[in-house]
Structure formats: C-alpha cells, structure tokens
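Here is the structure we will look at.
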Amino acid sequence: YYVDKIHARDAWDICKGDTNMVIGISDTGFEIFHDELVNKIYYNRFDSINGIDDDNDGYIDNFRGWNLAKNTNDPTNTKDNHGTRVAGCCIAQANNQKGIAGIGYNCRFIPVRITNDLGFNVFDYESIVYLADHGAKVINCSWGGFQYQKFGQDVVNYATINKDVVVIASAGNFKNTQPVYPAAYENVVSVAGTTSLDQFWTPENGASTGGSTYGTSVDLSAPAVQIQTLDQNNGYVKGWVGTSYSAPIVSGAAGLLRSHFPSYNAQQICEQLRVTTDNIDTIPYTAPYKK
C-alpha cells in the first residue's frame, strides 16, 4: 500500500530514477543474490574479485559493497534479515513481473553490513563515511541510539557538506520524544512512522508493542505498519512494523529526486522532501503527536 500512499506511481510517471544514482544502505547485512536485489547492486567495476585492491582504496575486492563488522567483501547477513527487508522497501527491482517494487525504481544501492555475528552494530558511523567516499548520494540508516556523539555529528556533516550526500534515518520506535541518533543530528532527514490511514503509529493501530518516536527532531513521516517487503531465501514477507521501513521508503524517494534534479545539492533535496509532504497534523488520531 505504501507505493500508492506516497503517490510513487505518479512520481515514476515523471522520473524512474537513474542507474547511476547510488543509494547507500548501512544495515545488518543483505541477501545479495535475492532475485530482487542482485541486479540492483552498484557493482564496483574498478575492483573485481581477484584478491587485489585494484582501485587502491584500501579495501580488497569491494566489488559489491563491504562488511565493516568483519572487514571483508561479503556484506551478506548471518544474524537476521533486517537489511534485506530495508533494502526491499527502497530498491527492490521494479517491473520484473514478480514480487514488489522499491520506491527508488531504477536507482542502485551499495550494501554495507555493520552488524557482527552477535547482532551488535559496530562501525556504524564509519559506514556513513565509507558510503560517502564510494559514490553514494543518498545514505539510509535504519538504526540508532540515544547517545549524542560529536563524532556522529561530524560524520554526518562530512557526508552532507563535504560529499554532498543526503543522509536519511529512522526516527525510532519508542513512542516518546527522546531523540534518537543519527536521526536527530543536524543535516539528517529524520523519518517517523505512520499507518495506511496516515495516523501516527502507536501500539493500538500498529498491531505491535512499539510506536513511532516523535517530537521536534522529526522532519517527516512515512508508512511504517504492515510493510510488505523482501525476506530470506529469495522470499517475501508482509506485516513488518517500524520506522526502519519508513526511512528507506523516503531514501528511495530521495534517489528519484536526485535523479530528476541533478543540480540540487543534498540540503536542497532534504528541503524538497520536507516541504512537499502532506500535512497530516489535522487527522484527529495524529494531532496529539504534533510537535
């Protein structure tokens, strides 16, 4: 439903994105040979898999992304399938007569794994640097924590200002106003979660124990409930809930915008996303969460 809720088909009538527009996804790992992803990876043709760092970037054979948790060229998942589900919302192959279509349509993505085999995120902010340095013009971060770090803000500033990257992050699933980082940093588009009725996502309307974080740090919202996306073993799943899925929907939209407005810098794209949203604050269920 989220394809129609955000009027993605109308957007695709104008611009279907560009295969040279790269979205970086920093997450738990990916099923990189999934039918809906294998042709959507931005392959590094300058560093084929031959045991040599052909492009002299310090990463050997980073042909299809990187695993920062293990410092290898294999970004596949071993702990859970969160990254594959996130990638599906953003970049699943469109118009292939099967499954779903990611909002980014023709855009491609760089997969970067940041989760170790115990399920903990490591080198998370380093992943933003890696992606910014390797050509991503949009970076999706469906992860976060409560602690502000100057290092984190510096990394975001580097990506946005120095590398002209749009950084998008999930606002959090805590149904309170406590800021979650990196979403709450300056120069990040913080994405809260809604339902198919544009209601603010809560335990009562989301069939879940969580609810979307809200407050002054949030920039916009996107669907977060009953999400249909990719799953393990070349499969699909419906019913996932969380702002982890709101963010990549917006990241896919950012890829379309960057393709259609190539002269816009990262901050202009962020503002274009924000000011063209629908105002849902007047919906009675949502109104109390306006900040």
#### Entry: Label-point separation, F174 to D281 (7 Å along Cα→Cβ), nm
2.3
### Message
What are the equivalent ellipsoid semi-axes of segment 17-88, built from the alpha-carbon gyration tensor (square roots of five times its eigenvalues), in whole angstrom, biggest first?
### Response
20, 16, 10
### Message
Show me the helices of the chain, taken as full DSSP H stretches, that run 15 Å or more along their long axis by Cα and average -1.0 or above in Kyte-Doolittle hydropathy.
### Response
243-260
### Message
Please report, in whole Å³, the volume per residue of the convex hull around the C-alpha atoms of segment 111-264.
### Response
132
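To the nearest 20 debye, what is the magnitude of the charge dipole of segment 50-186 about its Cα centre, counting +1 on the Cβ of each Lys and Arg and -1 on the Cβ of each Asp and Glu? Each step should come with its number before you reach the end.
Numbers: 11 positive and 14 negative charges, 139 e Å.
The dipole of segment 50-186 has a size of about 660 debye.
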### Task
Treating cross-link reach as a plain straight distance, find the aspartates and glutamates whose alpha-carbon is under 12 Å from the alpha-carbon of K291, omitting any fewer than eight places away in the same chain.
D219, D281
### Task
Please work out the Cα center distance from segment 1-75 to segment 256-290, rounded to the nearest Å.
25
### Summary
Taking placed amide H atoms and a strict 5 Å upper bound, the residues 5 or more places from T286 or on another chain that come that close are F200
### Task
Tell me the label-point distance for the pair H7, F46, using the 7 Å Cα-to-Cβ offset, in nm and rounded to one decimal.
3.9
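Distance check, please: which entries in K16/K98; K137/K238; K70/K238; K175/K238; K98/K238 exceed 20 angstrom between their Cα atoms?
Working: K16/K98 18 Å; K137/K238 29 Å; K70/K238 31 Å; K175/K238 22 Å; K98/K238 15 Å.
With Cα atoms farther than 20 Å apart: K137/K238; K70/K238; K175/K238.
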### Query
Given segment 32-152 reduced to its alpha-carbon atoms as identical point scatterers, what log10 I(q)/I(0) does the Debye formula return at q = 0.17 Å⁻¹?
-0.91
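Using alpha carbon coordinates only, what is the Rg to Rh ratio of segment 160-204, with Rh defined as the Kirkwood radius?
Here the Rg-to-Rh quotient is 1.08.
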### Query
How big is D for the chain, in µm² s⁻¹ as a whole number, if Stokes-Einstein is applied with the Kirkwood radius of its Cα pairs at 4 °C and 1.567 mPa s?
70
#### Entry: Solution diffusion estimate, µm²/s, Stokes-Einstein, segment 139-180, Kirkwood Rh from C-alpha pairs, 4 °C, viscosity 1.567 mPa s
114
### Message
How are the alpha carbon pair distances in segment 201-286 distributed across 10 Å bins from zero to the largest one, expressed in percent?
### Response
15, 39, 32, 14, 0
#### Entry: Reachable lysines from K150, criterion Cα separation under 19 angstrom, eight or more residues apart if same chain
K163
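Suppose every Lys and Arg Cβ carries +1 and every Asp and Glu Cβ carries -1, with no other charges. What dipole size does the chain come out with about its Cα centre, to the nearest 20 debye?
Numbers: 21 positive and 30 negative charges, 114 e Å.
Computed about the Cα centre, the dipole is about 540 debye.
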### Share of carbon and sulfur in the accessible heavy-atom surface of the chain [1.4 Å probe, %]
48
### Query
Taking the simple approach of a point 7 Å from Cα along Cα-to-Cβ for both S263 and N96, what is their distance in nm?
3.5
#### Entry: Probe 1.4 Å, accessible area per residue of the chain, Å²
43
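Show me the ranking of peptides 152-163, 262-273, 129-140 by mean Cβ neighbours inside 10 Å, starting with the highest. Write out the running numbers ahead of the final one.
Details: 152-163: 18.2, 262-273: 15.8, 129-140: 24.4.
In descending order of packing, they fall as 129-140, 152-163, 262-273.
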### Query
So what's the gap between the Cα centers of segment 106-120 and segment 159-182, to the nearest angstrom?
17
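The values are calculated or read from the model by the stated rules, or taken from the named source; none is laboratory data. Keep in mind it's a predicted model, so treat the numbers as computed, not measured. Cβ coordinates were reconstructed from backbone atoms using ideal geometry, including for glycine residues, and neighbour counts include every protein chain displayed. Only protein heavy atoms, including side chains, enter the accessible area calculation; ligands, DNA and RNA are left aside. Shrake-Rupley method; radii C 1.70, N 1.55, O 1.52, S 1.80 Å.
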